[in-house]
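The values are calculated or read from the model by the stated rules, or taken from the named source; none is laboratory data. As the structure is a prediction and not an experimental result, all values here were calculated from the model. In this analysis, Cβ positions are derived from the backbone assuming ideal geometry, glycine residues included, and neighbour counts consider all displayed protein chains. Accessible surface areas use protein heavy atoms only, side chains included; no ligands, DNA or RNA. Shrake-Rupley method; radii C 1.70, N 1.55, O 1.52, S 1.80 Å.
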Amino acid sequence: MDFKLTEEHIMIRDAARDFAKTELLPGVIERDEKQEFPKELIKKMGDLGFLGMMTSPEYGGGGMDTISYILVMEELSKIDASASVMVSVNNSLVCWGLDTFGTEEQKKKYLSKLTTGEKLGAFCLSEPEAGSDATSQRTTAIDKGDHYILNGTKNWITNGSSADYYLVIAQTDKEKKHKGINAFIVEKEWDGFEIGPKEQKLGIRGSDTHSLNFNDVKVPKENRIGEDGFGFKFAMKTLSGGRIGIAAQALGIASGAYELALDYSKQRKAFGTEICNHQAIAFKLADMHTQIEAARHMVMKAAWDKDQGLNYDLSGAMAKLHASQTAMDVTVEAVQVHGGNGYVKEYHVERLMRDAKITQIYEGTSEIQKIVISRSILKD
Ligand code: CAA
């Protein structure tokens, strides 16, 4: 087994590390407080190639492997998980989904702008009553010949108001259950599309999360993705890859918190010595480091499976399950190592602890990952 990163991997990782320190770190506390994410950072990330990393170069993408993508996700997430979720949704749900399953016309029209940061994408599956149970879509798209009429509400949509193009999953034939579901590309400017209230969140507060309403939105038939009835599989396949990105986000949140705790423990003195010299703290650091390394191996393995053309449903779900638990455990301990300072904003670890929780919820809760994992091991 070769665990060595290539020169290209190191270059892209270092570019993300540098960007996170110079561009994301300065305003991260304020963005969290004000619940806002500035558009100019999106463009800068597009210019650096972070928004369409795995997309084919002919549509403006980087044509990079999944390992490169998760290295970038980890580095951005160490500092700002609100920025990295935006990158994750645009890359692995929207761009990958369109690149893999879109028509040539759809790719030319939409993908080229999404990879550069000129436009941003959102993925709209969740509904007030269809979160984990994704087959129970209430949003409908009625076939009218050359177009569909879309009606319904989507909830907790990342990039909700900042996006320009929305991949919307909707029921086209209730009788057919999951085989009567389709995915559509919807443009923000279309009549009947309305951005609902912004969610007031515990963590990733700088990310832009909204509900969306569709009132008789006319969607041309050429904007359906794949064959009629492909929508549920489209959602499942894109989410399988998306889960690797969120696992990398969780890994980044954990390693960011660990690095802060390590540094702090070497500077802060108590009982006559730096606190890292107390076994109570040293053992915490040992546990954190070990858990993070295990998570890193799982995330890398899932990305490697994807790059090799192997099935990654199982390895991706396991990586997300483990890395998100690691993010929770490590950030709680990082706050503890910081003591009272850990509880105030300027030391960053309290934000990372709040951000960690969402990695156990979105793109499938930990319980959903266990469904995917148990079904996979029991079917053999
Ligand atoms: N790849 C391809 N096909 C798949 C698949 C996959 N990974 N997983 C399931 N399918 C197919 C099945 O083969 C089946 O097709 P057939 O009938 O042709 O055999 C069909 O889909 C239905 O599968 P299931 O019977 O397994 O469906 P289910 O109702 O039991 O649900 C589930 C399975 C795993 C629980 C699924 O509903 C699920 O993943 N739920 C969670 C949804 C989710 O992750 N939501 C997150 C929202 S997006 C988000 O968070 C983005 C963001 O903003 C950050």
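Quick one: which of LYS301/LYS345; LYS154/LYS174; LYS21/LYS266; LYS177/LYS357; LYS109/LYS233 span more than 27 angstrom between C-alpha atoms?
Going by Cα-Cα distance, LYS301/LYS345; LYS177/LYS357 fall outside the 27 Å limit.
Over segment 246-380, one equal point on each Cα, no solvent: what is log10 I(q)/I(0) by the Debye formula at q = 0.10, 0.12, 0.16 Å⁻¹?
-0.37, -0.50, -0.78
Charges on Cβ only, +1 for Lys and Arg, -1 for Asp and Glu, centred on the Cα centroid of the chain; of TYR148, LEU5, ASN213, which one is farthest towards the dipole's positive end?
ASN213
So if I place +1 on the C-beta of Lys and Arg and -1 on the C-beta of Asp and Glu, and nothing else carries charge, what would the dipole magnitude of segment 46-185 be about its Cα centre? I want it in debye, nearest 20.
With Lys and Arg at +1 and Asp and Glu at -1, about 380 debye.
Given the protein chains as shown and a 1.4 Å probe, how many square angstrom of VAL87 are accessible, to the nearest 10?
0 Å²
By its C-alpha gyration tensor, with a ≥ b ≥ c as the square roots of the eigenvalues, how is segment 28-175 shaped: rounded for a/c under 1.5, else prolate for a/b larger than b/c, else oblate?
oblate
If you place +1 on the Cβ of every Lys and Arg, -1 on the Cβ of every Asp and Glu, and leave all else neutral, what size is the dipole of the chain about its Cα centre, to the nearest 20 Debye?
Charge dipole, the chain, about its Cα centre: 560 debye, nearest 20.
Mind jotting down the distance between the C-alpha centroids of segment 114-161 and segment 308-380, whole Å?
If you average the Cα positions of each part, the centres end up 25 Å apart.
Show ILE373, ILE181 ordered by accessible area, largest first, where the area counts protein heavy atoms only and the probe is 1.4 Å.
Result, largest first: ILE373, ILE181.
Count neighbours as other Cβ atoms within 10 Å of each site's Cβ, and list the trypsin sites (Lys or Arg not before Pro) in segment 95-144 that are DSSP loop with at most 13 such neighbours.
LYS144
On average over all directions, what projected area in square nanometres does the chain have, based on the convex hull of its Cα atoms?
19.1 nm²
To make sure I understand the rule: partners must be aspartates and glutamates, Cα under 19 Å from the Cα of LYS4, and not fewer than 8 residues away in the same chain. Which ones qualify?
Partners within reach: ASP14, ASP65, GLU74, GLU75, GLU293, ASP305, ASP307.
Which of LYS176/LYS218; LYS320/LYS370; LYS237/LYS320; LYS107/LYS218; LYS43/LYS201 have a Cα-Cα distance over 18 Å?
Violating the 18 Å limit, Cα to Cα: LYS176/LYS218; LYS107/LYS218; LYS43/LYS201.
Give me the percent of the accessible area of the chain that comes from carbon and sulfur atoms, probe 1.4 Å, all protein chains in place.
53 percent
Mind checking segment 207-280 for GluC sites (Glu not before Pro) that DSSP puts in a loop (not H, G, I, E or B) and that have at most 14 other Cβ atoms within 10 Å?
GLU227
At a Cα cut-off below 16 Å, give the aspartates and glutamates reachable from LYS379, other chains included and same-chain residues fewer than 8 away excluded.
Within the straight-line cut-off, LYS379 pairs with ASP313.
With a 1.4 Å probe and all protein chains kept in place, how do PHE123, PHE283 rank by accessible area, largest first?
From most accessible down to least: PHE283, PHE123.
If you place +1 on the Cβ of every Lys and Arg, -1 on the Cβ of every Asp and Glu, and leave all else neutral, what size is the dipole of segment 238-378 about its Cα centre, to the nearest 20 Debye?
Taking the Cα centre of segment 238-378 as origin, the dipole is about 120 debye.
Taking only protein heavy atoms and a 1.4 Å probe, what accessible area per residue, in Å², does segment 238-378 have with all protein chains in place?
That works out to 44 Å² for each residue.
Specify the angular offset, from 0 to 90 degrees and rounded to the nearest 10, of the alpha carbon long axis of helix 66-79 from the longest principal axis of the alpha carbons in the chain.
60 degrees
Around ILE204, which amide H atoms from residues at least 5 apart in sequence, or from another chain, sit under 5 Å from its own amide H, with H modelled in the peptide plane?
Under 5 Å from the amide H of ILE204 lie the amide H atoms of ASP355, each far enough along the sequence or on another chain.
Would you work out which of ALA248, TYR343, SER366 lies farthest towards the positive end of the dipole of segment 222-380? Charges go on Cβ: Lys and Arg +1, Asp and Glu -1.
The residue sitting farthest along the positive end of the dipole is TYR343.
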